[in-house]
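The structure under discussion appears below in the form of structure tokens.
The values are calculated or read from the model by the stated rules, or taken from the named source; none is laboratory data. Keep in mind it's a predicted model, so treat the numbers as computed, not measured. Please note: Cβ atoms are built from the backbone with ideal geometry, for glycine as well, and neighbour counts cover all protein chains shown. What goes into the accessible areas is simple: the full protein's heavy atoms, side chains included, and nothing from ligands, DNA or RNA. Shrake-Rupley method; radii C 1.70, N 1.55, O 1.52, S 1.80 Å.
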Amino acid sequence: MGQSASTALITSRRDSNRSSHRSKSKFTVPIIPMQVEEQTEFIFCEGPDYISDLPDECLACIFQSLNSGDRKNCSLVCRRWLRIEGQSRHRLSLNAQSDLLPLVPFLFSRFDSVTKLALKCDRRSVSIGDEALVAISSRCRNLTRLKLRSCRELTDAGVAAFAKNCKALKKLSCGSCSFGTKGMNAILDNCASLEELSVKRLRGITDGAAAEPVGPGLAAASLKTICLKELYNGQCFGPLIIGSKNLKTLKLFRCSGDWDKLLQVISDRVTGMVEIHLERLQVSDTGLAAISNCLNLEILHLVKTPECTDMGLVSIAERCRLLRKLHVDGWKTNRIGDDGLSAVAKYCPNLQELVLIGVNPTKISVELLASNCQNLERLALCGSDTVGDAELSCIAAKCVALKKLCIKSCPVSDHGMEALANGCPNLVKVKVKKCRAVTCECADWLRTKRGSLAVNLDCGEPEHQDASVSDGGLLENVVEFHSVANQMPLPSIASSSTGRSTSFMSRLGLLSGKNLVACTFRRWSGGNSSSRG
């Protein structure tokens, strides 16, 4: 009936019966379906099943290279694949609601090789309790990583029982849980191989001076990374930090209390730290001076610490001369500027990454950084009122190793961008955002001038400069168009050309604002092409 002839090799049951007395082997011939009688039954010849001959180890390696969805599909093929997929799965993430308890024996009899487990519960749901956690730990004694999120029904007793069963734990991350210092100390006393500890909003820790100290425990000897986030009394972890002699990374985010004195003690006892993050912390130049005792410091993040000034940054630059990455969010307090950055340029020649947010450097410090830090590869200048065309031209002329440049909300214009056409020979990507004096024409010109350079331009929200031409129809169409566009999938809009946009708008019945809409589409498509470039 108009279909093309099939060339598959098939066997006629009638022919096989006719020749069965001559030979036991099946005879296969190519048959065109149009020439076969309707009542004839056909059987496809089965070839050898090579996959069944693969060893379990080979199938396990294949499964481990697949994503989670593909692994689930493969486990439905046959019982053998179901068994191998379960035994070869080392990472598992479960919805840790209270109804998980009766499923624990079945789940961990199938997934009996899990070493990395995540238990996450929705904040509005009732989480698993101690019984479920203990049942899991008894079946996953080789667990090395555990992540707990919003498991508010867990108590110190349940966590302590878990710690006794899973002594090989190397990484623990818990957030929005309700157990306290006793459970945390049980982890530290039993898991001697613990290397990374991340704690966020641990509600069981008592606020105030009566809080029981955490640590150091047996884990202090192996801990390399400690991250504390949004803790009312994060300083109760002081004994743990001080006792962790091999600590390399310390991250403190939005933890209440004055940290200057504790940082002084920490820096005297733990001098091998190479990475420190301080964000929205009550710390001053005294604390920064204490951190300068870490002579091997390579990465420093100072984010929204308003009491830190140039003096503290100078003390770090003078002593921590191995600094490679520096992030400073000055919160527009103008307390860190040319003096501190000039010290960094003078004493830290190995600097590779510099991010300045809400800091106002001038050409003085920018020129020193560009001249002295010859290894600077990544530079971001955001929210600065003093970084203009002169500073950008200086960067283009002297940052020879620069590969990535990001400029956001700075008074930079096309003139400064043009300097990048012949400067920074290793530059591969430029991102400009909310710099209104930089035009799309300049970005296109820069792409043409340097074909290998990716230029990402985002001018921010467009200003309706022609709004006075029509106070009625056009502005109304803009509002109506945005309400519809928000419901349409973005890729179809972004990939539309000008001509296609007109037909698209005609189908929506919005031709009254065709000219303005087409202009908007061109602006969007220009932004998307710049992002792809």
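Greater than 32 Å separation of Cα atoms is the criterion. Which listed pairs, LYS167/LYS245; LYS120/LYS182; LYS171/LYS434; LYS248/LYS433; LYS332/LYS403; LYS200/LYS332, meet it?
LYS171/LYS434; LYS248/LYS433
Using 1/(1 + (r/R0)^6) with R0 = 35 angstrom and r between the beta carbons of ASP458 and LEU103, what's the FRET efficiency to the nearest 0.05? Spell out each step's value before the answer.
On the way: r = 47 Å, r/R0 = 1.34.
For ASP458 and LEU103, the calculated efficiency is 0.15.
For LYS403 and ASP444, FRET efficiency with R0 = 22 Å and r from the beta-carbon atoms, rounded to 0.05? Could you put the intermediate results ahead of the total?
Values: r = 22 Å, r/R0 = 0.99.
Calculated value: 0.50.
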- prompt: Can you list the HN-Hα couplings for region 282-298, worked out from phi with the Karplus curve (6.51, -1.76, 1.60; θ = phi - 60°), rounded to whole Hz and with x for Gly and Pro?
  reply: 7, 9, 10, 4, 4, x, 5, 5, 5, 5, 5, 5, 7, 5, 8, 4, 10
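Tell me, what % of the accessible area of region 80-194 is carbon and sulfur with a 1.4 angstrom probe? Working shown, then result.
Values: 2460 of 5020 Å².
Reported share for carbon and sulfur atoms: 49 percent.
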task: Give a residue-ordered list of calculated ³J(HN,Hα) values for region 68-80 (Karplus: 6.51 cos²θ - 1.76 cosθ + 1.60, θ = phi - 60°; whole Hz; x for Gly, Pro).
output: 4, x, 5, 5, 4, 5, 5, 5, 8, 5, 7, 5, 5
query: By per-residue mean of other Cβ atoms within 10 Å, what is the highest-first order of 242-255, 419-432, 223-236?
result: 223-236, 242-255, 419-432
task: On each of the three principal axes of the Cα atoms of region 90-257, give max minus min coordinate, whole Å, ordered largest first.
output: 45, 33, 23
